[in-house]
Amino acid sequence: MSRIIFLIAFVSVLYADDTLFNAEDYRQREIIALRLDESLSIDGLLTEPIYQTPPNQIFIQMEPDNGQPATEATDVWVAYDDAALYVLARLWDSQPDSIVARMGRRDTNFDSDLFQVVIDSYHDKRSGFFFIINPSGTIMDGTFYNDGWSDDSWDGIWEGKTTIDEYGWTAEIRIPYSQLRFNQQDEYIWGILIGRMIQRRNEQDLFTYIGRGESGLVSHAAELKGISNIRPPKRREFTPYITSGYSALPSEKDNPFFKGNDTNFGIGTDVKVGIGSNLTVDATFNPDFGQVEVDPSVINLSAYETYFQEKRPFFIEGADIFSFGRGGPTNRWGFNFREPNFFYSRRIGGPPQVDVETDGWVDIPTATSILGAAKLSGKLNGDWSLGGLSALTGKESARINEEGQIHSEEVEPLASYNLLRTQKEFNDGLQGLGFIGTYVYRHFDDQSLRKVLSDNALAFGIDGWTFLNAEKEWAIAGWGGFTSISGSQDCMLDLQQSSSHYFQRPDADHVTLDTSMTKMSGYAGRLMLNKEKGHVQMNTALGIISPGFESNDIGLKYGSDRINMHVVTGYWWYDPGKIFRNVRLNIAYSSNHNFAGIKTSENVFLMGWLQFLNYWSINGFMGLDAETLSDTELRGGPRVLDPGGAFVNFGINSDQRKNVVFGIHMNAGGDKEGSYDSGLDGRVEIKLGSRLNLEFNPNYSLGRNMEQYVEAIEDTDAVEMYGKRYVAAQLNRKTLSADFRIDYTFTPTLSLQAYFQPYLSVGSYTEFKEYTRPDAYEFLIYGEGGSTINPTEDGGYTIDPTGGEESDVFYIENPNFNYKALVGTAVLRWEFMPGSALYLVWTRNGYDENNPGDFRPRRDLTDLFEATTDNIFAIKATYWIGR
């Protein structure tokens with residue numbers, strides 16, 4: 001062993017001489033896999049005969065000193081047998097007592113030394129499976145797509161063991177062929193990318209050289225050769241589960257349907273079946289998502305829905321295959337343009353969409369039951385990737401108790417959600433072409449629900465990209481889509497007037513409100529050009545969403561009737577200097593028009609990011625919004641003037657390698673009329689030992705909106721505003737919140753994670769007023785100019801806009817609010833064998849709305865902690881059966 005250490009030290013000194021080492025010699029490399037003649041025990045001890053064979057050596061730094069030899073040597077062996085691929089490593093370290101070996105739950109960011117393997121078993125140079133293990137044995141896995149984008153939602157069934165000794169540490173990984181996808185051949189050539197992270201130096205080493213400023217990752221992989229006489233296995237996996245829960249619901253103590261508590265029991269299963277060597281069907285029957293973290297609290301005062309991230313395992317695993325319009329360019333800038341999503345999985349199994357209007361007690365499901373769902377994913381011959389999803393959700397009814405009389409009312413019909421996605425890559429990924437189609441169908445037993453929900457919705461899209469040369473320096477990408485939605489006249493009328501369309505705008509000549517409509521169609525698309533390499537950065541795009549485009553039945557979009565463009569350029573200093581390690585500076589221009597040619601936004605941005613040599617970083621951006629016309633401010637009313645303004649954001653973050661990490665971020669913006677927004681966010685992460693991680697993210701924001709929309713009142717005398725009085729007010733809002741996370745890892749397979757969020761948001765409305773004419777920023781402030789405003793006993797207001805006839809007097813409720821919530825989840829997870837786990841879950845929900853409009857943090861937080869709280873306890877066990 002001492003001889004080996006001497007040889008490695010000699011080689012390290014030899015190739016540390018720049019005159020002898022040239023990183024360009026290590027761009028195209030190969031590894032020969034060795035067939036095992038006897039079994040290999042995965043124990044991290046490196047005692048088998050294979051370790052007497054010559055290893056694969058010489059790793060090159062990607063960071064921090066790009067192109068230089070790694071500071072520590074690494075030996076790698078790759079082997080295989082009839083059932084699995086083995087990747088084995090000796091990671092030498094001259095300071096073994098400095099190895100960072102933090103323990104964490106699977107797929108968490110554990111900030112430690114790492115050994116990383118990417119297997120491109122399709123050898124398409126754009127996709128792959130990645131497997132990561134750290135010195136404590138904690139693992140992470142997932143998939144790569146679009147050459148360099150990663151998704152850690154996939155959880156494979158594989159083994160990995162490590163040891164730490166006086167020479168460094170070791171890693172042994174066994175990957176069954178059932179976890180990879182490949183076509184049967186006599187001999188195989190796969191891509192393999194092997195890397196190592198030395199955390200204390202923030203050093204990332206790779207077996208192949210990738211220069212700074214170059215895009216992509218999988219396309220730089222070495223070739224793995226020597227594998228023969230193996231067959232893709234038949235893949236069959238079953239994961240049945242059983243769950244039970246108890247809910248203590250004091251908020252429902254008077255509800256005759258609950259009486260303050262509830263119990264439940266459920267069984268179901270997940271199934272994974274291989275079709276041929278490349279396609280996989282994932283199915284779930286009666287799924288349970290009780291271990292999923294709760295959504296954060298939020299107060300939404302806009303006309304658009306709040307986006308919540310998908311957290312359910314069935315829907316997030318392998319979700320990248322349904323990604324549409326994202327292939328090709330690795331930079332996808334966007335300014336004031338939200339590209340519509342053709343698929344938003346939280347549409348499936350969400351809360352019932354029909355409200356119940358009653359003064360009685362109601363038992364309404366919190367989510368629509370998913371009777372079953374299946375996904376198809378994989379690749380066909382000829383580099384065609386294929387993804388499909390079909391889900392069936394059940395009919396849901398609410399039970400209503402009105403004065404002792406109980407009856408039920410349907411609140412969600414039986415529905416089928418369907419998606420098909422396919423994509424083909426050409427010339428090793430230089431070009432790509434794809435298609436997507438979605439279809440939603442609802443079966444109504446209660447025909448009254450057709451007034452609210454569509455009968456069916458269809459969408460189709462095509463996307464693609466091309467790099468302009470073999471070096472992939474420039475790329476063009478684009479997508480286009482079409483939607484068609486059908487339903488009753490009542491449903492279509494509501495849809496036309498929704499925040500996604502606003503067809504009722506009285507001064508819009510290019511859209512018309514059609515009371516007889518039963519079908520609406522529209523189109524959307526985007527075209528982008530991006531510079532992929534080098535110091536100079538360039539990106540420009542043109543996007544459109546027609547007034548009738550609608551994807552919200554299974555997708556997500558926030559608006560329509562938009563033509564957006566932007567151009568951004570900048571410079572990236574990626575070679576370290578005397579002060580900075582990395583600097584980026586960009587300037588951008590963007591604008592939006594509607595289909596009538598009215599400019600609705602115009603902006604200029606200046607953005608920067610820099611990293612110091614000590615790995616502290618600063619980021620920020622600032623910009624100007626020009627004065628334009630808004631066709632959405634009055635939520636279906638005429639255009640009014642948007643005064644524009646200015647904004648600035650600034651943040652600083654400390655070295656992520658340290659045991660105490662912190663960051664602070666501030667933002668501010670305002671306009672000449674007196675509106676402003678400002679906020680301060682913080683982040684503190686404390687790593688205590690190798691097992692405990694604490695994170696605290698406080699936030700405080702305050703703002704004033706001088707023209708917050710309140711309500712539209714019909715009045716034929718308001719001639720200039722097309723027969724309505726659009727009431728606005730000055731809103732002063734303060735929000736105080738914090739996220740707390742606690743992670744404790746007992747072993748790599750046993751962990752406790754907890755998340756809690758206290759949230760307080762208070763809004764006070766004053767200076768009620770109405771717009772006096774379109775295309776302007778002019779108001780009648782109530783109480784002036786002969787108008788009157790008087791408070792009522794119930795806290796609302798009676799308003800007489802003219803001070804004369806009583807016929808135009810109207811009433812508005814007091815919109816002040818004081819919303820306080822404390823939500824949280826704690827999950828104890830034990831993976832007692834690969835693919836099988838036991839969960840113990842506690843969920844807390846408490847809220848309070850006393851003292852609307854009055855912000856007193858001490859009193860409000862006291863009220864919050866004393867508020868009625870619901871607690872839910874659950875246990876879930878899953879067991880993996882597979883081959």
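The table below lists the values:
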{"read-out": "Probe 1.4 Å, accessible area per residue of region 701-772, Å²", "value": "41"}
{"read-out": "Relative packing of peptides 96-108, 804-816, 403-415 - highest average C-beta neighbours within 10 Å first", "value": "96-108, 403-415, 804-816"}
{"read-out": "Probe 1.4 Å - accessible area at Ser251, Å² to nearest ten", "value": "60"}
{"read-out": "Length released on extending from Gln497 to Thr766, taking residue separation times 0.36 nm less the Cα-Cα span", "value": "94.0 nm"}
{"read-out": "1.4 Å probe accessible area per residue over region 366-411, in Å²", "value": "48"}
{"read-out": "Label point distance in nm, Tyr51-Asn850, each placed 7 Å from Cα along Cα→Cβ", "value": "6.6"}
{"read-out": "Net dipole in debye of region 815-883 [+1 Lys, Arg Cβ; -1 Asp, Glu Cβ; about Cα centre; nearest 20]", "value": "380"}
{"read-out": "Apportionment of accessible area to carbon and sulfur, the chain, percent (1.4 Å)", "value": "54"}
{"read-out": "Furthest towards positive pole of dipole, Ser416, Phe467, Gly481, structure part region 393-516, Cβ charges", "value": "Phe467"}
{"read-out": "Added length on full extension, which subtracts the Cα-Cα distance from 0.36 nm per residue, Val356 to Glu166", "value": "61.6 nm"}
{"read-out": "Calculated [θ] (222 nm, deg cm²/dmol) that DSSP helices of n ≥ 4 give over the chain, each run adding -39,500 (n - 2.57)", "value": "-1000 deg cm²/dmol"}
{"read-out": "Given charges at beta-carbon only (K, R positive; D, E negative), |dipole| of the chain in Debye", "value": "2700"}
{"read-out": "Computed label-point distance, nm, for sites Ile579 and Asp739 using a 7 Å Cα→Cβ extension", "value": "3.3"}
{"read-out": "Residues of region 123-174: accessible area per residue with a 1.4 Å probe, Å²", "value": "29"}
{"read-out": "Per-pair calculated FRET efficiency, R0 = 35 Å: Gln405 and Ser630 via Cβ, rounded to 0.05", "value": "0.15"}
{"read-out": "Phi-based couplings in Hz for region 700-709 (Karplus 6.51, -1.76, 1.60; Gly and Pro marked x)", "value": "9, 9, 9, x, 9, 10, 6, 9, 5, 4"}
{"read-out": "Relative contact order (percent, whole number), region 828-873, Cα cutoff 8 Å, 6+ residue spacing", "value": "43"}
{"read-out": "DSSP-loop trypsin sites (Lys or Arg not before Pro) across region 166-238, with at most 13 other Cβ within 10 angstrom", "value": "Lys234"}
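The values are calculated or read from the model by the stated rules, or taken from the named source; none is laboratory data. A quick note: this is a predicted structure, and the numbers were derived from the prediction, not measured. Note that we place each Cβ from the backbone using ideal geometry, even for glycine, and neighbour counts take in every protein chain shown. The area values use the complete protein model at the heavy-atom level, side chains included, leaving out ligands, DNA and RNA. Shrake-Rupley method; radii C 1.70, N 1.55, O 1.52, S 1.80 Å.
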